[in-house]
Amino acid sequence: MGTSTNEGLTEQLMNHLEGLDFITRVEVIGSRVEQTSDAYSDVDLLLTIKDITPDVALYELTESIKAKFQPAWYDFANSLMPEKFLVSTFIGGDNPFTFHDVCILNNDKNLVYDKTRFENDQWIHLMKLWVMNYKYMMRDAPQFEKRFATMMEKANISHYSDYREGFYQLLLKLKDQKMIKSGYLNRLEEVFRNS
């Protein structure tokens, strides 16, 4: 898995976000800065905003990313709200694991926001879980087994002989869905077959 196009795309995304009038700062955080990233690492961006609430900012920047980059997918991290307003998105590149997590922290404990603005497509969310759990497996992460079981339950897949077969069954199920760009899923399958 290469990184050649991904670095340029991160720069393009950061420049685009910096051009939005309600964003005052875009900062790369996480494994890329700590120099602990690997072939399965995503890119974490932390934003500082002004004049609007974090929920409105996340909605507006997501719409702007969709218009500018036509991402293969995007998915909101609803379980983190309202402490963090975060969207994960894959805007392109040659490594299907290099998606961008764009995050805004919320300091207003009394914030009321419209949850319907952040509803995810169930299949795109399952695909994001596939990506996350696959990298947990490849890294021997301690939380992998429990998260894998939860993912398979959500996918309504109960019969598989081992993790690889389970991943492949879910990948085939995802490939049947029309809302996920086939090129992205084909890249995931290529990585899966070569690992």
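Give the residue that is farthest from Glu190 (Cα to Cα), with candidates limited to residues of region 1-20 that are at pLDDT below 95 and not in a helix (DSSP H, G or I).
Here the residue is Thr3.
Quick one: what pairs do we get from region 169-183, first residue loosely packed, with under 14 Cβ neighbours inside 10 Å, second aromatic (Phe, Trp, Tyr), C-beta under 7 Å, 6+ apart or different chains?
Here the result reads Met179/Trp123, each pair linking region 169-183 to a residue that is aromatic (Phe, Trp, Tyr).
Kindly state which strands (runs of 3 or more DSSP E) lie completely within region 72-138 and contain at least 3 residues that are over 23 Å from Gly166 (Cβ atoms).
Of the strands (runs of 3 or more DSSP E) lying wholly inside region 72-138, those with at least 3 residues that are over 23 Å from Gly166 (Cβ atoms) span 84-90, 100-105.
Would you please name the residue that is least open to solvent (accessible area, probe 1.4 Å), looking only at residues in region 21-69 that are modelled with pLDDT of 95 or more and assigned to a loop (DSSP other than H, G, I, E, B)?
Filtering first and then ranking leaves Phe22.
When region 79-108 is examined, which residues are found to be among the acidic types (Asp, Glu) and over 9 Å from the mean Cα position of the chain (by Cα)?
Selection gives Glu83, Asp94, Asp108.
Of all residues being among the basic types (Lys, Arg) and surrounded by 13 or more Cβ atoms within 10 Å (Cβ to Cβ) in region 118-153, which is farthest from the chain's Cα centre (by Cα)? Just the residue, please.
Going through region 118-153, the residues among the basic types (Lys, Arg) turn out to be 128, 135, 139, 146-147.
Right, trim to surrounded by 13 or more Cβ atoms within 10 Å (Cβ to Cβ) and you get 128, 135, 147.
Values: Lys128: 6, Lys135: 13, Arg147: 16 Å.
Within region 118-153, the match that is farthest from the chain's Cα centre (by Cα) is Arg147.
Scan region 139-194 for residues that are at pLDDT 95 or above, under 19 Å from Pro96 (Cβ atoms) and assigned to a loop (DSSP other than H, G, I, E, B) and report the count.
Of the residues in that region, 1 qualify.
The values are calculated or read from the model by the stated rules, or taken from the named source; none is laboratory data. Keep in mind it's a predicted model, so treat the numbers as computed, not measured. Here Cβ is always computed from backbone atoms with ideal geometry, including for glycine, and neighbour counts include all displayed protein chains. Surface areas here come from the heavy atoms of the whole protein model, side chains and all, with no ligands, DNA or RNA. Shrake-Rupley method; radii C 1.70, N 1.55, O 1.52, S 1.80 Å.
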